[in-house]
Number of protein chains: 2
Amino acid sequence: MTNTPHHIVRSFDEELRGLSEIIVRMGGMAEAQLAAAIDALVKRDADMAARVVQQDAAIDALEERLDHDAIRLLALRQPLADDLREVIAALKISSDLERIGDYAANVAKRAIAICQTPPIEPVRAIPRMGRLVQAIIKDTLDAYVARDADRAIDVWHRDEEVDEMYTALFRELLTYMMEDPRNITAGTHLLFIAKNIERIGDHATNIAETIHYLVTGRRLEGGRPKGDTSSFEVVRPAPQGGAPEGNDKA
Amino acid sequence: MTNTPHHIVRSFDEELRGLSEIIVRMGGMAEAQLAAAIDALVKRDADMAARVVQQDAAIDALEERLDHDAIRLLALRQPLADDLREVIAALKISSDLERIGDYAANVAKRAIAICQTPPIEPVRAIPRMGRLVQAIIKDTLDAYVARDADRAIDVWHRDEEVDEMYTALFRELLTYMMEDPRNITAGTHLLFIAKNIERIGDHATNIAETIHYLVTGRRLEGGRPKGDTSSFEVVRPAPQGGAPEGNDKA
């Protein structure tokens, strides 16, 4: 673009900056939606949860706009190298943020169902998991704004904590459900809520990988850190009122 | 590209065709992985399930290759209009197919856990749901190969059936889990398996939307058909050995 008149170059930069701004707005909204959904769950506030479900459309609309702007920019500006990576990264990140919004909305939907069931103890573990994932989303967005690959790698490693929390909660919830069938509906929705939050962590990890690619032009090497082993979990009901047995004893 | 020498044009078309070929291969693999995972679940074959988990890496590798080729093509060829849409569509579709592969692998992981628990009746509903989703993936790939927007819209509507099947199975599984705590571990994994298959249907719907955009240049208008209401489900244990109560009675 070196031979292009200056005002065109500036306008191109402005268009690229426009994509970044949409990403940052989407990220802030996704973070707020997750916080509100968990708040509604803990406070058993079905109205607040319903508002979260409704507000998801705003994130979807921003993703549509970003898609539109990015494809237009590719067609009209035909960006190269760093600029091309900016556009591709924006497309990928907005798709992850849209999914994060969907998962937050699903947490809120399930909070509405849980409001109609007796309160159960393990709800208390959700906000802790939620705070960790919110911090990860926030750090991911900071890494994006700063175009900081090191901070992105840092985020990438923290997803493991989320997975471990999820696996522990999975076992705890199955135990609760085995103790009393009245816990099964709420327990099941909490399992899916915890899974949604774990998936949000995965999407933040995707975004961290995209930031690394955006900044360095290279894919992150090596397998992604993985701590969610819950898919392999087998928990058995206690034979005589004792503690249920897990994989380690089976 | 009208003024470009003929051999360059052909080579560019070949590169575009290369992207399509990767998509078709990924789609075939994702379909086969889902079929094998469900087969392993029904036959309680942990070895077959383990092979499905292992083979997921091949789909991931193809997505990486497509990403690489597509970005290279954008940078070197700077495609316009229809050709640009081909590249963008390939990027989006491969990302959906990679996710479908992940969900199939997760079905297989959970099949391994279920092999260690007593057999439960509702497993029988999974292959029916699986066959429907496999047919949807197949039709989606056919619509992609034929660049047929009408067939894509047809697929888009059939996702509703999957969602309805999933919601019915969700209720059935909760009832089973309430009847006997020994069903809870297998029941929970089956809930997630059914959810994974439902999510695969969602990704096929995403692909159908992308095909519509690829062929017509326009986004599909109107809200996506939605039948999965399971997030709002409340099922209560039977008070005296009768049938559990659902939303309709609550």
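So here's what we get for this one:
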item: Test for B:Asp82: is it modelled with pLDDT under 95 and within 20 Å of B:Tyr144 (Cβ to Cβ); result: yes
item: Criterion: out of contact with any strand residue (DSSP E or B) (no Cβ under 7 Å at 6 or more places or on another chain), of a type in the set (Lys, Arg), surrounded by fewer than 23 Cβ atoms within 10 Å (Cβ to Cβ) and at pLDDT 95 or above - qualifying residue of A:Arg158, A:Arg147; result: A:Arg147
item: Residue in the stretch B:87-94 that is in contact with a helix residue (DSSP H, G or I) (Cβ under 7 Å, 6 or more places away or on another chain), facing chain A (nearest Cβ under 9 Å) and either without any contact (Cβ under 8 Å) to a residue 12 or more places away in the chain or more than 28 Å from B:Ala35 (Cβ to Cβ) (or both) present; result: yes
item: Filter pass, B:Asp56 being at pLDDT 95 or above and on the phi < 0 side of the Ramachandran plot; result: yes
item: Residue in the stretch B:117-139 that is assigned to a helix (DSSP H, G or I) and at the interface with chain A (Cβ under 10 Å from one of its Cβ atoms) present; result: no
item: Residue check for B:Ile126: surrounded by fewer than 23 Cβ atoms within 10 Å (Cβ to Cβ), touching a residue at least 60 places away in the same chain (Cβ under 8 Å) and not charged (D, E, K, R); result: yes
item: Only listed residue being more than 30 Å from B:Leu91 (Cβ to Cβ) and modelled with pLDDT of 95 or more, chosen from A:Ile211, A:Ile193; result: A:Ile193
item: Residues within the stretch A:164-219 that are closer than 23 Å to A:Lys138 by Cβ and touching a helix residue (DSSP H, G or I) at 6+ places or on another chain (Cβ under 9 Å), tallied; result: 27
item: Index of the failed condition, A:Ile88 passing every other in (1) over 18 Å from A:Asp228 (Cα atoms); (2) touching a Ser or Thr at 6+ places or on another chain (Cβ under 7 Å); result: (2)
item: Residues that are of a type in the set (Gly, Ala, Ser) and within 13 Å of chain B (Cβ to nearest Cβ), drawn from the stretch A:33-70; result: A:Ala37, A:Ala46, A:Ala49, A:Ala50, A:Ala57, A:Ala61, A:Ala70
item: Count of the stretch B:185-218 residues which are among the hydrophobic types (A, V, I, L, M, F, W, C) and either touching a Cys at 6+ places or on another chain (Cβ under 8 Å) or more than 22 Å from B:Ala37 (Cβ to Cβ) (or both); result: 4
item: Residue check for A:Ala204: within 17 Å of the chain's Cα centre (by Cα), crowded, with 22+ Cβ neighbours inside 10 Å, at the interface with chain B (Cβ under 10 Å from one of its Cβ atoms) and not basic (Lys, Arg); result: no
item: Members of the stretch A:170-193 found to be more than 14 Å from A:Gln116 (Cβ to Cβ), touching a residue at least 60 places away in the same chain (Cβ under 8 Å) and hydroxyl-bearing (Ser, Thr, Tyr), listed by number; result: A:Thr175
item: Which listed residue, of B:Thr175, B:Thr140, is more than 25 Å from A:Leu173 (Cα to Cα) and among the hydroxyl-bearing types (Ser, Thr, Tyr); result: B:Thr140
item: Count of residues meeting criterion [in a helix (DSSP H, G or I) and under 14 Å from A:Gln116 (Cβ atoms)] in the stretch A:36-53; result: 6
item: Failed criterion for A:Leu73 (all others in (1) within 16 Å of A:Lys92 (Cα to Cα); (2) within 14 Å of chain B (Cβ to nearest Cβ); (3) surrounded by fewer than 18 Cβ atoms within 10 Å (Cβ to Cβ) hold); result: (3)
item: Complete set of residues in the stretch B:141-175 that are in contact with a Pro (Cβ under 6 Å, 6 or more places away or on another chain) and either within 12 Å of chain A (Cβ to nearest Cβ) or not in a helix (DSSP H, G or I) (or both); result: B:Leu173, B:Thr175
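The values are calculated or read from the model by the stated rules, or taken from the named source; none is laboratory data. Computed from a predicted model, the values in this text were never measured in an experiment. We place every Cβ from the backbone using ideal geometry, glycine too, and count neighbours over all the protein chains shown.
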